[in-house]
Ligand SMILES: [Mg+2]
Ligand SMILES: [Mg+2]
Ligand SMILES: [Mg+2]
Ligand SMILES: [Mg+2]
Ligand SMILES: [Mg+2]
Ligand SMILES: [Mg+2]
């Protein structure tokens, strides 16, 4: 990452940007881009290795890693702004960027500059590739999809006004696919497919991309449902924090599954207790979750989802360009989280 | 614009986005995109007409207008977010978008979706053009440049902490070029040059674009200096508002010109009085502006700038693809503002 960061800062220097602004951008990048788990970025280089069927040499790795960092930059753009919109306090164990006193609202423009970094890097490293325009289209479409998901999330589940009649499993699914699955699951693999497309024929054909999407979106959906489940039923050691989805009025899979099965009496309690800053009301919600056997319903969902995804993977032609291992490696990482 | 808006909303409908989110995006677009003076957007279609040397037919006009609206969308993206960062109250005679009660911080994501609309429209209408990738690169570069200008402006002239030692004519020039001139002056013409490039050879060559930039950036710089001048010396009828640059600690051409010529005593007064919410201190600053004859200095600057730009225009080969009228039409609109 320091190499990528320095490349961006050098551009500013070349444009005669004042030194304190160069320094500012450096701090923005260092504070907000590395420091996560980097799963999304790493899955780009991992996927390229699987498709090539061999380890990458240094030059290949560096180029593929730029695509990986582009996913992390996109995520940083969304996280910096999401924290402002949610008025969150901390992120990755440090204060949210906008809460650094001298930053404040400048964080809005800083988030823009994280997004703009993606296109500057793409242009510098991929402008002459035949798939350059596909990279740009993919990144634009994914960005818009994530913003659509964010919008539906924001107007469906505002932290300060609870209205469970706005919730539904269908809306939950839209939010999860658009806000998370496209950029976290489909994007890294699609970037890798374009990257290897000059040497592996058909790997980034329309059909191949569509198959990858058909597998990765359900996988991403399951990943988020699992995240929602663990927020309530995982131990703090498992999830590294104490879950607050009920208190925060989150449009979680659990509340939507509960709403789908609740009796009128249970529904009345959910309406009264969900999304309130009150541990007793939170406990009432959890009690209904257990009355409705959401653990059992989750296990059924998980089993169905696993079988569906496995089925799709097994339908991939064994000798096709799209190796099954691309997807089984994801599958193992994700389904083992609880197992 | 309704046609363009509906095209965007139809995309959301096709993606099964919940109806209230479609409605939200429609309101975002209607509230923030039209309603300005539309100079930037109109200069795209005007430039195309000049280059073709004839009026556009309906189909041509509609396509060129999409490029025009892309500039207005980019501007809306910047204005919605700028108003949040500046905590402004009104914009174009109505409350700033983020100040609509149910909007609030969601305006951050709404601004993103104004930017994303550009790329969705480009893809829908220009994907098969030979210059498609050039449109994308141009738009990305201009976006980053504007964000760089915004950053320097934000850290040089925060409204709540005055430090005139951060100001200089050099920094003023950077802010003006990057924050305003690239997207308001160069971008519309460059879009028009790409648009006509399939039928007019060499019109969007590297050299031609560079010549356009060499003329349009000084023009944009002058435009902003004039804006800064009128904020203080224009009548409220001329500028449609009461200027507040001195009170708001703006990094205006006037204060930078004053700092460049002030005696130590005058400088001490400027340090004490600039950027304070106090009409008496504002009057002290204006008194120093008049002691330093900033009106005279501005008239000299204007004359020099006009001659420089006119000289560059006259250097354009009379029979080249880049017609002088593209630039003289800008020149007349802008220099006549005060005359
Ligand atoms: Mg959040
Ligand atoms: Mg959020
Ligand atoms: Mg969660
Ligand atoms: Mg402002
Ligand atoms: Mg501002
Ligand atoms: Mg002004």
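Bear in mind these aren't lab numbers, they're just calculated from the coordinates by the rules spelled out. Since this is a predicted model, take the numbers as computed values, not measurements. Here the Cβ positions follow ideal geometry from the backbone for every residue, glycine too, while neighbour counts run over all protein chains shown.
Full extension of the chain segment joining residue A:332 with residue A:315 gains 4.3 nm, where the gain is 0.36 nm per residue of separation less the Cα-Cα distance. Seen against the Cα atoms of chain A and their longest principal axis, helix A:206-233 is set at about 40 degrees.
Taking R0 as 35 Å, what FRET efficiency do you get between residue B:129 and residue A:213 from their Cβ-Cβ distance, rounded to the nearest 0.05? With R0 = 35 Å, the Cβ-Cβ based efficiency is 0.85.
Set the Förster distance to 25 Å, then compute FRET efficiency between residue A:280 and residue A:159 from the Cβ-Cβ distance, nearest 0.05. The partial results should precede the final answer.
Numbers: r = 19 Å, r/R0 = 0.76.
Efficiency at R0 = 25 Å is approximately 0.85.
Output needed for the range B:54-108: three equivalent-ellipsoid semi-axes, defined as square roots of 5 times the C-alpha gyration tensor eigenvalues, in descending order, whole Å. Don't jump to the answer; show the numbers that get you there.
On the way: eigenvalues 202, 21, 19 Å².
Each semi-axis is √(5λ); the values are 32, 10, 10 Å.
Distance from the C-alpha centroid of the range A:183-233 to that of the range B:1-19: 26 Å, rounded to the whole angstrom.
Over the range B:134-243, what is the relative contact order in percent, taking alpha-carbon pairs closer than 8 angstrom and at least six residues apart? Walk me through the numbers before you get to the answer.
Numbers: 83 pairs, mean separation 28.6, N = 110.
Relative contact order for the range B:134-243 comes out at 26 percent.
Where the alpha-carbon atoms of the range B:167-253 are placed on the principal axes, they occupy 50, 30, 15 Å, in descending order. Counting Cβ atoms of other protein chains within 10 Å of each residue's Cβ and taking the mean over peptide B:12-19 gives 4. Taken residue by residue and averaged, Cβ atoms of other chains lying within 10 Å of the Cβ of A:138-151 number 5.
Angle of helix B:2-14 to the longest C-alpha principal axis of chain B, folded into 0 to 90 degrees and rounded to 10: 60°.
Provide the three semi-axes, in whole Å and in decreasing order, of the ellipsoid equivalent to the range A:91-219 as defined by the square roots of 5 times the Cα gyration tensor eigenvalues. If you can, show how the numbers build up before the last one.
Details: eigenvalues 192, 108, 22 Å².
After scaling each eigenvalue by five and taking roots: 31, 23, 11 Å.
Determine, from the Cβ-Cβ distance of residue B:169 and residue B:271 and an R0 of 22 Å, the FRET efficiency 1/(1 + (r/R0)^6), rounded to the nearest 0.05. List each step's numbers first, then the result.
Working: r = 17 Å, r/R0 = 0.79.
The pair residue B:169/residue B:271 has a calculated efficiency of 0.80.
Take the Cα of residue A:23, go 7 Å toward its beta carbon, and none of the backbone nitrogen atoms of the range B:252-286 fall under 12 Å from that spot.
For the protein assembly as shown, the extents of the C-alpha atoms along the principal axes are 81, 58, 49 Å, listed from largest to smallest.
Note on the range B:1-48: the C-alpha convex hull projects to 3.9 nm² when averaged across all orientations. So if I take the centroid of the Cα atoms in the range B:291-325 and the same for the range B:38-70, what is the distance between those two points in Å? Using only Cα atoms, the two centres lie 25 Å from each other.
Hey, could you grab the Kirkwood Rh for the range A:157-306? Inverse mean 1/r over distinct alpha carbon pairs, Å, one decimal. Please list the in-between numbers first.
Working: mean 1/r = 0.0591 Å⁻¹.
Across the range A:157-306, the inverse of the average 1/r is 16.9 Å.
Which values, in whole Å and largest first, are the semi-axes of the equivalent ellipsoid of the range B:1-89 obtained as the square root of 5 times each eigenvalue of the Cα gyration tensor?
On the way: eigenvalues 146, 79, 13 Å².
Semi-axes from the Cα gyration tensor: 27, 20, 8 Å.
Its alpha carbons considered, the range B:136-182 gives a radius of gyration followed by a Dmax of 11.8, 38 Å. Counting every pair of alpha carbons in the range B:1-154, the share spaced more than 24 Å apart comes to 37 percent.
Given the DSSP H assignment, sum -39500 (n - 2.57) over each helix run of at least 4 residues in chain B and divide by its residue total; what's the result at 222 nm in deg cm²/dmol, nearest 500?
Working: 15 runs with 232 residues, N = 339.
Helix-only estimate at 222 nm: -22500 deg cm²/dmol.
Length gained on full extension, residue A:248 to residue A:90: 55.4 nm, using 0.36 nm per residue less the C-alpha separation. Simple spin-label estimate for residue B:63 and residue A:287 gives 6.8 nm between the two label positions (7 Å along the Cα-to-Cβ direction from each Cα). Going from the fewest other Cβ atoms within 10 Å to the most, the residues B:155, A:66, B:246, B:255 appear in the order B:155, A:66, B:246, B:255.
Beyond 24 Å, how much of the Cα-Cα pair distribution for chain A remains, as a whole percent? Spell out each step's value before the answer.
Values: 34033 of 57291 pairs.
Above the 24 Å cut-off, chain A has 59 percent of its Cα pairs.
Taking the longest Cα principal axis of chain A as reference, the axis of helix A:279-291 is set at about 80 degrees.
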